[in-house]
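The values are calculated or read from the model by the stated rules, or taken from the named source; none is laboratory data. Keep in mind that this is a model prediction, so the values were computed, not measured. Heads up, the Cβs are rebuilt from the backbone with ideal geometry, glycines too, and the neighbour counts pull from every protein chain shown.
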């Protein structure tokens, strides 16, 4: 079986090495003249051995990626402790806000309904939202058999 260095490289392999060279130049590892020379050699290379020689003195992508991942994953104990304390506080605050909004909406609905019951037919003169409570109260009276008029919702 032939060695890897003797195998022929594809266009995709050459382009990958060229991209690696451009990245190295952007990081300041290669000068402009060096980049041009190596790009020419990479794009005319026929085997993996020739491609490997072009990037032999550059760090491998895996080493750079591993270093980036290790630095991104590190969490300090103070950060973990803060997250453990703040997460339940944030959840409790969100639940309290939802309960407060639900309580306000319920209180408003009760106030409107009670105003409609107390004011009766006079609630229509007040207009919306008081007439809504009156309509609900009248519809219940009409369903029970009490004679009265029912004003449709629309």
Quiz prompt | Test result for residue 102, surrounded by 11 or more Cβ atoms within 10 Å (Cβ to Cβ) and modelled with pLDDT of 75 or more | solution = no
Quiz item: Just a yes or no: is a residue in segment 69-90 closer than 30 Å to residue 11 by Cα and either in contact with a helix residue (DSSP H, G or I) (Cβ under 9 Å, 6 or more places away or on another chain) or at pLDDT 60 or above (or both)?
Solution: yes
